[in-house]
Amino acid sequence: MHHLNGIQAISVVGIIFGVFCQAMLFIIGKKVDTMWALYPTWIAVFIMGTLVRYFSKGDDDHHH
């Protein structure tokens with residue numbers, strides 16, 4: 001994930017955490033009806049991060 005910007009990394013972690021939570025809810029026999037809404041939201045955040053990365057100025061290859 002070192003090629004992702006901060007916004008993209010947060011969205012990937014959000015998707016992974018959502019899948020984990022959904023699996024845990026399945027294991028304990030619970031259901032959240034709107035759990036599906038997390039995935040399009042995180043995908044939208046990832047796309048926003050991609051746009052920020054694409055339109056940002058400067059050299060992203062340097063390290064602080």
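Taken together, the values in this text are just the output of simple stated rules run on the coordinates, not laboratory data. Fair warning: this is a prediction, and the values are worked out from it, not measured in the lab. Glycine gets a Cβ as well: all are built from the backbone with ideal geometry, and neighbour counts include every protein chain shown.
Identify, among F55, G6, I43, the residue whose Cα sits farthest towards the positive end of the charge dipole of the chain, taking +1 on the Cβ of Lys and Arg and -1 on the Cβ of Asp and Glu, with the dipole about the Cα centre.
Comparing the listed Cα positions along the dipole, I43 ranks first.
Taking 7 Å along the Cα-to-C-beta vector as the label spot, tell me the T50-N5 distance in nanometres, rounded to one decimal.
That separation, rounded to one decimal, is 1.3 nm.
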